[in-house]
C-alpha cells in the first residue's frame with residue numbers, strides 16, 4: 001500500500017472490525033460472518049490506496065453511497081483522514097454508522113440518513129465511492145447532481161460488472177481476485 005498506516009489508524013481499523021463483528025451477530029449487517037472475513041473486507045476497501053495512479057491521498061472529501069456496514073468508506077476515511085459523508089437511507093444501517101462514529105470518535109465522519117438522489121450537499125465533493133449498490137447506469141443518474149469535472153468515482157464491483165458497462169463512459173478498471181474497481185472522473189458526465 002502506498003499510504004503508511006499509523007498505529008492510531010491500525011487501532012481504529014481493529015476497533016471497527018470488532019464493532020462490526022459484534023453488531024453483525026445481532027443485526028446481520030454484512031455477509032462477513034467472522035473476524036477473518038471482516039478483515040478481508042477491510043483489506044478490499046483499502047486496496048485502491050495502493051493504486052498510485054488514482055492519487056487518493058490528494059482527495060479532500062469522500063462521499064459514500066449506500067454505506068451500509070461501512071465498506072469501503074470507513075477504512076478509507078480512517079486511512080486518508082479526510083471528511084467522510086456516509087449516505088445510508090436504511091434506518092438500521094444508519095444507526096450502526098452513527099454508533100460506530102461515536103464509538104471510534106470518528107470526528108471527520110458525517111452520517112446522512114437519506115437517499116442519495118435527494119441529498120443537497122453544501123461542499124464540493126471530489127471523491128465518491130460505492131460498493132455493491134446500484135448498476136452503473138442507475139448509479140450515475142442518482143449521483144450526477146453531486147459531481148463536478150474533478151470528482152473521482154471509485155466503484156467496488158463484482159464479477160458481472162461487464163454487463164453494466166456504458167460504451168460512452170471512459171472507465172479505468174482494476175481487478176484483484178473477483179473484485180473489479182471501476183474508476184472514472186466526473187468530466188465524462190457533467191459540464192461543471
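Here are 167, 188: which of them is more than 25 Å from residue 69 (Cβ to Cβ) and exposed (fewer than 13 other Cβ atoms within 10 Å of the Cβ)? If you could, list the steps in order and put the result at the bottom.
On the way: 188 fails: exposed (fewer than 13 other Cβ atoms within 10 Å of the Cβ).
Only one candidate passes the filter, namely 167.
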| task | Would you mention how many residues in segment 107-124 are touching a strand residue (DSSP E or B) at 6+ places or on another chain (Cβ under 8 Å) and in contact (Cβ under 8 Å) with a residue 40 or more places away in the chain? | result | 3
| said: Being buried (at least 20 other Cβ atoms within 10 Å of the Cβ) and within 30 Å of residue 8 (Cβ to Cβ) is the requirement here; does residue 183 meet it? | reply: no
| task | Please enumerate the residues belonging to segment 73-101 that are buried (at least 23 other Cβ atoms within 10 Å of the Cβ) and free of Cβ contacts under 8 Å to residues at least 40 places away in the same chain. | result | 77, 84, 86, 87, 88, 97
| Quick check: is even one residue across segment 90-100 over 20 Å from residue 8 (Cα atoms) and in a loop (DSSP other than H, G, I, E, B)? | yes
| task | All but one of (1) over 15 Å from residue 20 (Cβ atoms); (2) modelled with pLDDT under 95 hold for residue 92, so report the exception by its number. | result | (1)
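The values are calculated or read from the model by the stated rules, or taken from the named source; none is laboratory data. Predicted model only: the values in this text are computed from it and were never measured. With ideal geometry, Cβ positions are generated from the backbone for all residues, glycine too; neighbour counts draw on all protein chains shown.
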